[in-house]
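Q: So that we are looking at the same thing, I have put the structure below in structure tokens.
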């Protein structure tokens, strides 16, 4: 059937007019944003305000009565936000790299492709870049739903005077990727050891006898598989895109619902959003019941603890630093009361920041 172009032409002309109007409005928005940036600069205000961004997105989603999907709407406006910020001041974000790791994916979900990204070789480097001002923000893993806390990230809060700015929840799916087109063609697999363990059941049932070689990251596994014949990698959706690999099998992880939590770190904390969490670290006295005494104020103020971990202080044998995460903002009255009591009962207390509590898991 031959399409009559006379039917499409008027509709396409309408779209052209709309596109030109969108472009005009984007430039108008950018000009106003630069005026705001100048006012912020003159009054020494923070140039980046994520609370304002959240309010805009929530308002747009509520007012969207059309057929345009809200998930896509959020992505588009995140790009607009970050592109506008780049006009005001370059927004550099460091993350635990390399490219195509799950931390990279989480970073892209929270910020946008318009930002300047700085992959690093270690979690310590992320903290270093933010501490020295090379990056405004950093993104590091903190906890996995199957494996527990990432202790090395907690250790960095002992060494660096930085705050938690936000959290990101990312649904983690492992895929078998290859330049090959069929599973039967694959003669070797590259994988990060932790990921290999998380996919052991599927591998034993479907790839028994195929050797698995360790890689330093899921991204390196994908990179190697992209350059070797008859090789595969266990890696992410983003790795498949960056390294141009085929999906041989999707979602091969042992346990579905595998979620990793990431923290956005910065020199600053956020203001109250009304639905927040806070993170502190403290030391307990070396006497019976001291930890119980420190945690009791949270119970008295009806504050829910969401995580508690301990790490060696590295200053004295058998001395520990405790990390506690709880619901609420440090400016909340009941949190203030609890922390006053905690400070009296502990030998050391440091507030690591308050940040909006995330309930939505990024896919």
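Q: At 0.36 nm per residue, and after removing the present C-alpha to C-alpha distance, how many nm does the segment from residue 7 to residue 32 gain when stretched out fully?
A: Separation in residues times 0.36 nm, less the Cα-Cα distance, equals 5.1 nm.
Q: Looking only at 38, 24, 229, which one moves most when the chain is put into a Gaussian network model with springs between Cα atoms under 10 Å?
A: Answer for the Gaussian network model of the chain: 24.
Q: Kindly identify the stretch 5-87 as rounded, prolate or oblate by the Cα gyration tensor criterion: order the square roots of the eigenvalues as a ≥ b ≥ c, call it rounded if a/c is under 1.5, otherwise compare a/b with b/c, prolate if a/b is larger, else oblate.
A: oblate
Q: Here's another thing I want to ask about it. Once you've got the GNM for the chain with C-alpha springs shorter than 10 Å, pick whichever of 292, 117, 320 has the biggest mean-square fluctuation.
A: Taking springs between Cα atoms under 10 Å, the residue moving most is 292.
Q: Over 26 Å, how big is the tail of the calculated P(r) for the stretch 94-229, in percent of all Cα pairs?
A: That fraction is 31 percent.
Q: Order these by the 10 Å Cβ neighbour count, fewest first: 296, 132.
A: Starting with the residue having the fewest Cβ neighbours, the order is 132, 296.
Q: Right, something else. Between residue 160 and residue 197, what is the label-to-label distance in nm when each label sits 7 Å out along the Cα-to-Cβ direction?
A: 2.5
Q: With a bin width of 10 angstrom, please list the P(r) values of the chain as percents of all Cα-Cα pairs, from the 0 bin to the one holding the largest distance.
A: Over the chain, the share of Cα pairs per 10 Å bin runs 5, 20, 25, 24, 17, 7, 2, 1, 0 percent.
Q: Same structure again: Pick from 211, 297, 193: which is most flexible by mean-square fluctuation in a GNM of the chain where alpha carbon atoms under 10 Å apart are linked?
A: 211
Q: What whole number of Å gives the distance from the Cα centroid of the stretch 1-76 to the Cα centroid of the stretch 127-166?
A: Each part reduced to its Cα centre gives a spacing of 33 Å.
Q: Okay, next question. If you take the beta carbon distance between residue 49 and residue 216 as r and set R0 to 45 Å, what does 1/(1 + (r/R0)^6) give as a FRET efficiency, to the nearest 0.05?
A: Calculated value: 0.75.
Q: Nearest-5 percent of antiparallel DSSP beta bridges in the chain?
A: 75
Q: Could you tell me the calculated FRET efficiency between residue 341 and residue 41, based on Cβ-Cβ distance and R0 = 35 angstrom, to the nearest 0.05?
A: 0.30
Q: So if each residue of separation counts as 0.36 nm, and I subtract the Cα-Cα distance between residue 348 and residue 320, what length gain in nm does that give?
A: 9.0 nm
Q: Here's something else I'd like to know. Simple spin-label model, 7 Å along Cα-to-Cβ: residue 116 to residue 68 in nm?
A: 3.0
Q: Please compute the modelled spin-label separation between residue 244 and residue 286, points set 7 Å along Cα→Cβ, answer in nm with one decimal.
A: 6.1
Q: Provide the FRET efficiency to the nearest 0.05 for the residue 22-residue 237 pair, computing r from the beta carbons and using R0 = 30 Å.
A: 0.55
Q: Here is a follow-up. Throw me the Rg/Rh for the stretch 272-363, computed over C-alpha atoms with Kirkwood Rh, two decimals.
A: With Rg and the Kirkwood Rh in hand, the quotient comes to 1.00.
Q: Counting only helical runs of four or more DSSP H residues, what would the 222 nm mean residue ellipticity of the chain come to if each run contributes -39,500 (n - 2.57) and the total is spread over all its residues?
A: The helix contribution divided over the chain gives -13000 deg cm²/dmol.
A short reminder: the numbers here are calculations on the coordinates, not readings from a lab. Quantities reported herein were computed from a predicted structural model and do not represent experimental measurements. Ideal geometry is used to build each Cβ from the backbone, glycine not excepted, and the neighbour counts take in all protein chains shown.
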